[in-house]
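**Student:** Pasting a structure below so you can have a look.
The values are calculated or read from the model by the stated rules, or taken from the named source; none is laboratory data. Fair warning: this is a prediction, and the values are worked out from it, not measured in the lab. Methodologically, a virtual Cβ is constructed for each residue, glycine included, from the backbone with ideal geometry; neighbour enumeration extends over all protein chains shown. With ligands, DNA and RNA removed, areas are computed over all heavy atoms of the protein, side chains included. Shrake-Rupley method; radii C 1.70, N 1.55, O 1.52, S 1.80 Å.
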Amino acid sequence: MTPQVEIPGYVADTWLIDTAHSTVSFQARMLGAFKNHGTFDDFEGTVVTAADPLDSSANVTIRTASVNTKNDRRDNDLRKAYLNVEKYPTITFASTGVRTDGDHFLVDGDLTILETTKRVTLNLRPTSFDADGKSPARFTAQTEISLGEFGVPRGPASVIGDKILITLEIQASRKN
């Protein structure tokens, strides 16, 4: 099956995520009114771009203790009450398939939070490849999850909304 999406400069290879130039961020509604943004600052992963882009894969591990909303009190609450970082030190994503939908890619995979694994779909856009082998590959991906589906407690006040938008801005360098 040939993808319907053109990727200029596409190269099949194994890529390591460059964490210094990548971001794993999230956005949540607080008190139903305003958006709160945060990042996970400690993560690692690999992207394998296959000769046929639909055979590509990705694996990412995020360390939950690295949550950062630029507010120490909120970060400590997230670490203890919501993410329970002592018991669940990581969030993982392992792709299970890639497909196209019109002019973009969808990456299906298993997301594990608090030992609960659910199938999610990332809307992926490769933003750059350079066939010279020296330049990094760049990708942007987004998905929305429900905290309740992963068993993340929200507390009696339900300060944090149930829906979380996750955005990955990834820059990756060839492994070799």
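**Student:** Which number in (1) farther than 19 Å from residue 174 by Cβ; (2) touching a Ser or Thr at 6+ places or on another chain (Cβ under 9 Å) marks the one condition that residue 45 misses?
**Tutor:** (1)
**Student:** Considering (1) of a type in the set (D, E, K, R); (2) part of a strand (DSSP E or B); (3) open to solvent by 50 Å² or more (accessible area, probe 1.4 Å), say which one residue 79 fails and leave the rest.
**Tutor:** The failed condition is (2).
**Student:** Identify all residues within segment 102-126 that are open to solvent by 70 Å² or more (accessible area, probe 1.4 Å) and part of a strand (DSSP E or B); write none if there are none.
**Tutor:** First, the residues of segment 102-126 that are open to solvent by 70 Å² or more (accessible area, probe 1.4 Å): 103, 115, 117-119, 123, 125.
Those that are open to solvent by 70 Å² or more (accessible area, probe 1.4 Å) and part of a strand (DSSP E or B): 117, 118, 119, 123, 125.
**Student:** If I filter segment 15-49 down to residues being loosely packed, with under 15 Cβ neighbours inside 10 Å and at pLDDT below 95, which single residue comes out as nearest to the chain's Cα centre (by Cα)?
**Tutor:** 37
**Student:** Among the numbered criteria (1) touching a Gly at 6+ places or on another chain (Cβ under 8 Å); (2) over 16 Å from residue 23 (Cβ atoms); (3) open to solvent by less than 70 Å² (accessible area, probe 1.4 Å), which single criterion is violated by residue 61?
**Tutor:** Looking at each condition in turn, residue 61 falls short on (2).
**Student:** Would you mind stating whether residue 93 is surrounded by 15 or more Cβ atoms within 10 Å (Cβ to Cβ) and either farther than 25 Å from residue 49 by Cβ or at pLDDT 95 or above (or both)? Break it down into steps so the answer makes sense when it comes.
**Tutor:** Numbers: surrounded by 15 or more Cβ atoms within 10 Å (Cβ to Cβ): yes; either farther than 25 Å from residue 49 by Cβ or at pLDDT 95 or above (or both): yes.
When the stated conditions are applied, residue 93 passes them.
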